[in-house]
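The values are calculated or read from the model by the stated rules, or taken from the named source; none is laboratory data. Not measured: the values here are computed from a predicted model. A quick note on method: Cβ atoms are made from the backbone with ideal geometry, for glycine too, and the neighbour counts reach across all protein chains shown.
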Amino acid sequence: MRRKVLALLSAAALVYLCGAAQPMSSHTSVVKLMDFDAANQIVVGYPGGEPPLGAYQRTSETQHLIGVTGPFYPPNPCRGLIVAWNQLLLRTRASGASTELQADIDRPALGRILLRMALHQCNAEIASDTSQTPEPIISIRPVP
């Protein structure tokens with residue numbers, strides 16, 4: 001009996017030391033996009049619009065949310081990209097894809113939109129897991 005308890009405590013300590021037992025810590029902020037690495041699915045930007053740069057990684061669990069388009073004036077190149085993002089998501093949902101898992105979303109097309117958003121330094125509201133680096137993106141929504 002004593003060996004079983006000792007083995008159980010050793011296994012629990014190993015899991016804790018490896019980081020598997022650490023709780024997820026999430027944070028949401030508006031990020032000014034500066035770059036998107038499509039090969040690694042990493043978004044780089046300024047959280048809150050201010051340095052230092054943050055790195056956020058899109059994963060298969062990332063939720064892509066409908067963006068906020070904002071006002072029509074003054075003209076803003078980001079608005080058109082947000083409209084394209086929304087149309088892609090709405091077209092996917094209209095085709096019967098799961099809105100919860102978003103399994104059928106055209107991730108490469110959204111990646112191309114993210115790259116263009118970064119080129120124009122557009123904003124996105126990103127909820128991420130701050131306990132890892134780069135921070136895995138929980139959800140992402142383009143905002144004006």
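General remarks:
- Residues that are farther than 19 Å from Q63 by Cβ and touching a residue at least 40 places away in the same chain (Cβ under 8 Å), drawn from the stretch 114-128: L115, A118, H120, Q121
- Of all residues in the stretch 81-103, those being in contact with a helix residue (DSSP H, G or I) (Cβ under 9 Å, 6 or more places away or on another chain) and modelled with pLDDT of 65 or more number 6.
- Considering only residues in the stretch 109-138 that are buried (at least 18 other Cβ atoms within 10 Å of the Cβ) and polar (S, T, N, Q), the one that is farthest from G70 (Cα to Cα) turns out to be S128.
- Residue in the stretch 76-84 that is within 15 Å of H120 (Cα to Cα) and part of a strand (DSSP E or B) present: no
- Beta carbons closer than 9 Å, at least 6 apart along the sequence or on distinct chains, pair a first residue in the stretch 41-65 that is charged (D, E, K, R) with a second that is in a loop (DSSP other than H, G, I, E, B) for R58/Q41; E61/L101.
- Residue check, R107 more than 24 Å from S25 (Cβ to Cβ), of a type in the set (K, R) and at pLDDT below 90: yes
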